[in-house]
Amino acid sequence: MRVRRRTPLLAASLVLALGAGPLAAPALASPSSPAAVCTTTPSNGALCDAIEGLPDEDATAALVRLGGTEGSWRGSSGVRDLVSGRAADPNARFRAGSTTKVVTAAVVLRLAAQGEVDLDAPVERYLPGLLGPEFTVPVTVRNLLNHTSGIQPGDGWGDSFAEQYAHRHDTLSPQRVVASAVAKGPAFTAGERQQYLNVNYTVLGMLIEKVTGRPYAAEATRLVLRPAGMRHTYFPGTDPRIRGPHNRGYQAVPRPDGTTRLVDVTEWNQSDRWAAGDMISTTTDLERLVTALFGGRIVPEPQLREMFTVPADIPDATYSAGLQRWEHEGTVYWFRTGARHGYSSAIAATEDLSRTLVYSIADTDAKDTAPNPVADRILAAALM
């Protein structure tokens with residue numbers, strides 16, 4: 001898999017894990033490529049320029065929504081699929097990846113506001129026997145929310161794209177993932193460090209089901225999606241398809257001769273990501289999520305403060321409940337990125353909602369550790 005070697009425009013905290021089965025070669029922008037569609041109020045030529053020229057080697061489509069006190073901006077670029085070359089659907093559904101964690105955190109915080117969950121209580125109170133005797137210091141619900149639990153990562157279908165792709169239609173249960181993580185024992189004592197891992201939110205999904213007696217998806221829909229007006233968002237479970245209108249996602253795979261082929265990865269069973277990352281959404285719905293959430297319409301005070309609070313006693317901590325803190329030129333943004341093969345997304349906003357940003361990119365290398373250049377351009381134009 002290729003490695004991007006461009007210099008990132010943003011701080012390391014905004015490094016994105018972005019995502020993209022088989023075609024002959026990458027489809028690059030040409031004079032016949034669809035032009036970016038930009039709706040600006042007021043005009044924002046920089047953002048329109050940021051997504052112009054797709055598809056290229058880094059992305060096949062991009063959807064962007066910018067909002068706040070200075071007005072709104074909507075843009076889309078690229079293609080719906082590389083076979084037909086039709087213009088990208090600006091209302092397309094996509095795999096939202098780890099932006100699912102924002103919803104999961106909001107569910108837990110709502111349950112806390114209702115007195116059904118104590119954030120300072122050990123996880124074992126709600127899930128007896130989950131953690132082994134190696135966890136001598138209790139892991140609390142708050143430790144899971146802000147990634148200070150010390151639980152190690154769970155096992156998946158392998159580390160390489162080839163291994164994972166071979167199992168794209170298979171089901172790996174969240175319970176099995178958690179069991180493999182717990183069996184390794186703690187990586188560190190709960191509360192001592194911060195380590196961002198999906199397993200924390202997978203356990204939270206289990207906790208939600210145990211406390212409510214209802215499926216995670218049902219509770220997330222009842223407590224978050226419906227109040228936020230997220231009518232086009234859902235949790236696919238073991239279904240590998242994306243229901244409804246969507247742009248297809250691709251992964252760039254190197255050949256032995258040094259050339260690249262694009263593999264269509266649109267259909268993929270994401271059940272192992274579950275409450276940590278299997279949500280399917282739209283940019284409109286994610287914008288509704290951030291505005292309703294930051295506006296206090298989903299989680300009441302004081303529980304909402306958990307989303308804007310990082311552990312004060314951990315050096316360089318940036319993660320809160322469901323979000324991550326990033327400061328640029330004196331302005332603090334709270335954001336969450338998400339990535340599954342073929343799709344990447346992000347939400348970012350100031351706490352007072354004076355600036356909001358949502359985007360989805362059909363990235364051709366989801367798990368590259370370097371920032372996607374298209375995402376870099378969007379972020380530079382929108383937030384800087």
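Bear in mind that the values in this text are calculations on the coordinates, not laboratory data. These figures come from a predicted structure and were not determined experimentally. Because the Cβ atoms are built from the backbone with ideal geometry, glycine has one as well, and the counts that use them run over all protein chains shown.
Using only helices, what value at 222 nm comes out for the chain when you add -39,500 (n - 2.57) per DSSP H run of length 4 or more and divide by the total residues, to the nearest 500 deg cm²/dmol?
Rounded to the nearest 500, the figure is -6500 deg cm²/dmol.
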Could you bin all the Cα-Cα distances of the chain into 20 Å bins starting at 0 and give me the percent of pairs in each, rounded to whole numbers? 30, 59, 11, 0
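What does the net charge come to around residue 338 if you take all other residues with beta carbon closer than 14 Å to its beta carbon, with K and R at +1 and D and E at -1?
Working: positive: 93, 95, 101, 273, 336, 340, 367; negative: 278, 285, 363.
Net charge around residue 338: +4.
Multiply the residue separation of residue 257 and residue 218 by 0.36 nm, subtract the distance between their alpha-carbon atoms, and state the gained length in nm to one decimal. Kindly include the intermediate steps, with their values, before the conclusion.
Details: separation 39, 0.36 × 39 = 14.04 nm, distance 4.85 nm.
Net length gain for the segment: 9.2 nm.
Residues with beta-carbon under 12 Å from that of residue 105, excluding residue 105: net charge, scoring Lys, Arg +1 and Asp, Glu -1? Each step should come with its number before you reach the end.
On the way: positive: 101, 110, 142, 336; negative: 306.
For residues surrounding residue 105, the net value is +3.
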With label points set 7 Å from each Cα along the Cα-to-Cβ direction at residue 169 and residue 314, the distance between them in nm comes to 4.0
Ordering 77-84, 96-103 by per-residue average of other C-beta atoms within 10 angstrom, highest first, gives 96-103, 77-84
Give me the distance between the Cα centres of the stretch 199-250 and the stretch 321-384, rounded to whole Å. 21
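Find how much the distance from residue 380 to residue 49 grows on full extension, using 0.36 nm per residue of separation minus their present alpha carbon separation; answer in nm with one decimal.
Working: separation 331, 0.36 × 331 = 119.16 nm, distance 1.13 nm.
This chain segment gains 118.0 nm when fully extended.
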Along the Cα→Cβ direction, 7 angstrom out, place labels at residue 301 and residue 329. What is the inter-label distance in nm? 3.0
When the dipole is taken about the Cα centre of the stretch 17-383, and only Lys, Arg (+1) and Asp, Glu (-1) are charged at their Cβ, what size is it in debye, to the nearest 20? 1040
If each part is reduced to its alpha-carbon centroid, the stretch 131-151 and the stretch 53-114 end up apart, in Å, by 32
Taking 7 Å along the Cα-to-C-beta vector as the label spot, tell me the residue 70-residue 243 distance in nanometres, rounded to one decimal. 3.9
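Please compute the length gained on full extension between residue 124 and residue 351, using 0.36 nm multiplied by the number of residues separating them and subtracting their Cα-Cα distance. Don't jump to the answer; show the numbers that get you there.
Numbers: separation 227, 0.36 × 227 = 81.72 nm, distance 3.29 nm.
Gain on stretching residue 124 to residue 351: 78.4 nm.
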